Amino acid sequence: MKRRIFRHVAVITLFTLLAGGVDLRAQLEFTQHPVSANFISGFDVIAVDLDQDGYMDIVAACNATTGKVSWFRNDGFLEFSERVITTNLPGSRSVRAGDINNDGRTDLVAAGVTSHRIVWWEQNEDTTFQERLVDGSFTGAHTVDIKDVNDDGLQDILCSGWDSWNHNGEIAWWENGGQIPPQWNKHLISDRFQQSPFIFGEDMDGDEDLDVLACGELNDEILWWENDGFQYFTEHMIDSLIDAIHTVIPRDIDLDGDMDVLAAACMSSQAVWYENNGSQDFIKHPLGYFPGALWLDASDLDNDGDRDLVGAPQSASQLAWWENNGSQQFVKHNFTSIFTQSFCVVPALMDNDNDTDLVAIGYLSNKISWFENRLTDPNPYNHPECVVFDEKRDRYLISNPGGPAEGYILEIDSTGETSYFKTHLADPLGMCLMGDTLFVSEADDGVIGYDLETGEEVFFRELPSSGNLDGMAHNGQGYLFIVDTGGRIIRLHPGTGNWNYLVTSGLTAYVQDIIFDPWNNRLLAAGYAGNSPVQAISLADSTITTAVTTEYGKFDGITGDQYGNIYLASHKSPGYILRYGPEMQNPPEIISTGHNEPAGLHFNREDHILAVPNYGSSTVDFIPVIITGEKRNPDSEIRGSGGLHIFPNPAGEYLRIRYPAEESQDISWAIFSMDGRKMGSGTAVLHPEGGPVIGVSQMAAGLYVIRVTGASFSASEKLMIYP
């Protein structure tokens, strides 16, 4: 199963890749990525690194059947697996995360509005959770908050009571006694509200103790309670005329050092922010009609240094954000039309780039999604080691060992769309395409084969190594050759799984990469030692000779084009890419410099682009290469065909046929050896946009003739096949 890097994917232009920089977008956009499409009647969601592995997880509460709280664990590749915390909290309305027992692990607290319960889950060392009760009889337990109310170094719990029986509900806090497990002592703050849906602990007056902000949906009131430092609370009104207020969150919107208040009133469709004048007098600033306004929060979404707003509407299918012009004048922008009755949207750093993403939950849509902020795109590379070009599917594949993290293989298609081809690999280094299989060397483990169409593993052979299994090549006759950086080359036949050593000694120190030279039936090997020569290994008798000596050395990559030119990646400062002609005579041509530990480079024979992975800087450069001394154009037009092209020519594993016509047409094709024997034939549909694709990987390297016949033409041309 193919894994998407940001599911609907981050688009990286060729210019961005060449520049190795960040793609700054002119206009803020969000791309929706599903986390769950079956989280029934979702109420609340938070983003938190629950297992402290460096990746942001998602925790959510829903009203499904008997009430559920779930942890959606991020595997590091923004793929989420659900772990159910409980299915026994009826009316599960809110959830928060914090270290309740001071053991260094993140615990969870949740409230059940119809079960009248507040519970917390202690996280164990193995990331399992043990449920413990805080209060089993708090009427209409609605929204919780986790804060140190009495400043004793222990996390306490606040909760609001949504009393649907029209009695006066309570807001209260539960003091953490510090025992193992903690014992809880309830302290009432107020019982004046009818249906209190929200509570939040924050220092509202800047005196360094925790005050409390809450609201009453039937009272139409927003109040805050001033803490005198000894947990005696004095009530202060913010607004008594905001119809059916539901959510209140304190944030410093104008960045003047005091806490303002954000408010959302669902039944009156109001979104408002209240400006604190510094003396806790609040000036009301309506944001306009927001249908079913249920949530309002703040974050700098466009990275311009001020606080923007983001909201969730209960009565609309579009989330919204309000752009701050720097003077707290807000312009509303809607985004996504496929997220019905959202209850909550929270800012979060999901993809570890330099912008703020969003996580939202939908009550009627039963969805949890995260919304990628496309202001900046994260770097998809993590110490890229090797690049190959899949001609048939017109895409690059790039191995990323990932340093201390897990390795993976990226793919970049013809539009620049970047996605994961394979994830959770140990240490992918070298790669080689053979037929419809991608072979990958995994350091000291062996060689794995993946189906290029499905991504499924179709081959594995464990192999010994005295160093790392690294660069690979194949000879077009069914054999793979794998470098062991300890000084050996392994010959492997994937069809049978049999292997042996081609050479066990005589290679330069720290040999890194190899290519197959079809004109001389040999391998060319590059090593990392200083002033390392390029060595030639005969496939006929395994003898090793020097192909060329150099003053560069420290080679980490070698590749070739279809014209016999050889390209080398050298770590020698300032990071060289060199080209030798077919005769491999000194001095080499310097193609490019300034690369940071350039590694397993690859020549795209179709587009004449040299792909250079820079291991040290976690970038990949795509360098257009001009080929001199060609006898013919690789994008050759077949004479007498009215503009029919075959390319690339010389061809590697595949060739394409293109015809400048407005409509598709049926054709037949045949490939002949130079002595007239038919080597392959077939029928296909010729598309104006380019196609079909014909595989030639089973044919031996050499010179052939291809004949293409259509309704209005029949044309032939010489074809070079280069494995």
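In table form, for the structure just shown:
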{"quantity": "Check on V708, more than 26 Å from G560 (Cα to Cα), open to solvent by less than 20 Å² (accessible area, probe 1.4 Å) and not in a loop (DSSP other than H, G, I, E, B)", "calculated": "yes"}
{"quantity": "Residue tally, condition within 24 Å of L375 (Cα to Cα) and crowded, with 20+ Cβ neighbours inside 10 Å, over the range 311-320", "calculated": "5"}
{"quantity": "Tally, over the range 484-508, of residues that are assigned to a loop (DSSP other than H, G, I, E, B) and under 37 Å from the mean Cα position of the chain (by Cα)", "calculated": "7"}
{"quantity": "Any hit, the range 701-714, residues being out of contact with any Leu (no Cβ under 8 Å at 6 or more places or on another chain), at negative phi and at pLDDT 80 or above", "calculated": "yes"}
{"quantity": "Hits in the range 531-547 (condition: surrounded by fewer than 24 Cβ atoms within 10 Å (Cβ to Cβ), without any contact (Cβ under 8 Å) to a residue 40 or more places away in the chain and in contact with a strand residue (DSSP E or B) (Cβ under 7 Å, 6 or more places away or on another chain))", "calculated": "N531, P533, Q535, A536, S538, T545, T546, A547"}
{"quantity": "Those residues of the range 125-137 which are open to solvent by 40 Å² or more (accessible area, probe 1.4 Å), over 29 Å from the mean Cα position of the chain (by Cα) and not small (G, A, S), in sequence order", "calculated": "Q130, E131, R132, L133"}
{"quantity": "Candidates T31, T114, T87, T66 - the one that is more than 19 Å from C344 (Cβ to Cβ), open to solvent by 50 Å² or more (accessible area, probe 1.4 Å), polar (S, T, N, Q) and at pLDDT below 95", "calculated": "T66"}
{"quantity": "Residue that is farthest from the chain's Cα centre (by Cα) [pool: residues in the range 586-609 that are in a strand (DSSP E or B) and under 14 Å from S570 (Cβ atoms)]", "calculated": "E589"}
{"quantity": "Cβ pairs under 6 Å, 6+ apart, first in the range 259-282 and closer than 19 Å to I199 by Cα, second surrounded by fewer than 22 Cβ atoms within 10 Å (Cβ to Cβ) and small (G, A, S)", "calculated": "A265/A244; C266/G292; M267/A244"}
{"quantity": "Of residues in the range 255-294 being open to solvent by less than 20 Å² (accessible area, probe 1.4 Å) and of a type in the set (F, W, Y), the one nearest to the chain's Cα centre (by Cα)", "calculated": "F290"}
{"quantity": "Residue selected from the range 552-572 under the condition assigned to a loop (DSSP other than H, G, I, E, B), over 31 Å from the mean Cα position of the chain (by Cα) and not aromatic (F, W, Y), by the criterion nearest to L429 (Cα to Cα)", "calculated": "K554"}
{"quantity": "Which listed residue, of D351, D302, D355, D308, is open to solvent by 10 Å² or more (accessible area, probe 1.4 Å), acidic (D, E) and farther than 25 Å from S70 by Cα", "calculated": "D302"}
{"quantity": "Residue that is nearest to N63 (Cα to Cα), among those in the range 335-364 that are of a type in the set (D, E) and assigned to a loop (DSSP other than H, G, I, E, B)", "calculated": "D351"}
{"quantity": "Residue selected from the range 215-245 under the condition in contact with a Ser or Thr (Cβ under 6 Å, 6 or more places away or on another chain) and open to solvent by less than 10 Å² (accessible area, probe 1.4 Å), by the criterion farthest from S190 (Cα to Cα)", "calculated": "A244"}
{"quantity": "Every residue from the range 376-406 that is hydroxyl-bearing (S, T, Y) and either surrounded by 18 or more Cβ atoms within 10 Å (Cβ to Cβ) or over 30 Å from D300 (Cα atoms) (or both)", "calculated": "Y381, Y396, S399"}
{"quantity": "Selection count where residues are polar (S, T, N, Q), open to solvent by less than 40 Å² (accessible area, probe 1.4 Å) and without any contact (Cβ under 8 Å) to a residue 60 or more places away in the chain, scope the range 581-612", "calculated": "1"}
{"quantity": "Selected residue (criterion: most open to solvent (accessible area, probe 1.4 Å)) from residues of the range 177-214 that are over 23 Å from D152 (Cα atoms) and assigned to a loop (DSSP other than H, G, I, E, B)", "calculated": "Q195"}
{"quantity": "Output for the range 69-81, where each listed residue is open to solvent by 10 Å² or more (accessible area, probe 1.4 Å) and in a strand (DSSP E or B)", "calculated": "R73, F80, S81"}
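The values are calculated or read from the model by the stated rules, or taken from the named source; none is laboratory data. Given the structure is predicted, the values throughout are model-derived calculations rather than measurements. Glycine also receives a Cβ, built like all others from the backbone with ideal geometry; neighbour counts cover every protein chain displayed. Please note that ligands, DNA and RNA were not included when accessible areas were found on the heavy atoms of the full protein model with its side chains. Shrake-Rupley method; radii C 1.70, N 1.55, O 1.52, S 1.80 Å.
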